[in-house]
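Worksheet: the structure to be examined is printed underneath.
What follows draws every value from the coordinates through simple rules; no lab data is involved. Keep in mind that this is a model prediction, so the values were computed, not measured. All Cβ positions, even for glycine, are placed from backbone atoms using ideal geometry, and neighbour counts span all protein chains on display.
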Amino acid sequence: MNDRTAARPGARSAPAVLTSVPWLVVLVGVGLLATLLVVAMLSFRGPEHRAAAPPPAPPLYLPTLPPAASASPSPAGREEVATTVVTSSPPASPSPSPSAASSSASASPSAARPSASAEAPVVLDAAGSSGTLSARYQVVATDRDSFDAQLRLDNGSGQAQEWQVELAFAGNVKTATVLSPGISVTVGGGYVLRGASALAAGQSTTVTVRFLRNGAGDQPGRCTVNGAACTIG
């Protein structure tokens, strides 16, 4: 009787197949490693994607305005506020009555025109006309026996005027010599100086005179221009 467990002729056992085909074992192992690697990568990427998702934004709440208590809305949907401006004006001063004004005007007629002291003074020259013709006497040089004096004449009037200056000294002054051209001098109770021509309006002139003396003293006792006193010094 034949044994069924006996190996059939021409058949190979499993270890013999594996030994004869080594590349099949290597291929199976590589496939298992690749499958495990893919599974591991998918398992790690899942938690990574879930952690990277941003948290949801909190909800926004808009403020609401409380309704007006007593104001009624206008047709246009807006509230209108009435503003009252109160201005105060100064009380008007009562105007004087015509009778009071006329009585005050008639009571003081002198108040309507300026007083005499407020008016500009009117100066009369020696001839009695408006304006001034003035003269000023001043010593400009002096020594033991003589001195030089100047007479400055100013015509402040509105017209040309002839002029005459009279100088009276004490007995120490002996002679007078005019050093300015066009001026004459005569002696008669004093020294009288006259201009050869009239002094024009608004003009001035200076006359120099040299006096000889005995002793001291160079101020005149009297100095006049066209009869009016002149300034000394």
**Asked** Sorted from fewest to most neighbouring beta carbons within 10 Å, what does the list 23, 163 look like?
**Response** 23, 163
**Request:** Specify, per residue and in Å³, the volume enclosed by the convex hull of the alpha carbon atoms belonging to the stretch 156-233.
**Result:** 95 Å³
**Prompt:** Residue separation times 0.36 nm, minus the C-alpha to C-alpha distance between residue 178 and residue 144: what's the value?
**Reply:** 10.3 nm
**Fill in**
Which residues qualify? For residue 147, with a placed amide H closer than 5 Å and at least 5 residues away or on another chain, they are 211
**Request:** At 0.36 nm per residue, minus the direct Cα-Cα distance, what do residue 24 and residue 41 gain on full extension? Give it in nm, one decimal, please.
**Result:** 3.5 nm
**Complete:** Taking R0 as 45 Å and r as the Cβ-Cβ distance between residue 160 and residue 212, the FRET efficiency 1/(1 + (r/R0)^6), rounded to the nearest 0.05, comes to 0.85
**Complete:** Under 5 Å from the placed amide H of residue 160, counting only residues 5+ away or on other chains, we find 201
**Radius 15 Å from Cβ of residue 206, net charge of other residues (Lys, Arg +1; Asp, Glu -1)** = +1
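So how do 194, 136, 213, 144 line up by other beta-carbon neighbours within 10 Å, fewest first? Please report the intermediate quantities before stating the final value.
Working: 194 14, 136 17, 213 20, 144 9.
So the residues, fewest neighbours to most, are 144, 194, 136, 213.
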**Ascending count of other beta-carbon atoms within 10 Å, so fewest first, for 25, 192** = 25, 192
**Message:** Testing the spin-label approximation: label points 7 Å from Cα along Cα→Cβ at residue 201 and residue 132. State their distance in nm.
**Reply:** 1.8 nm
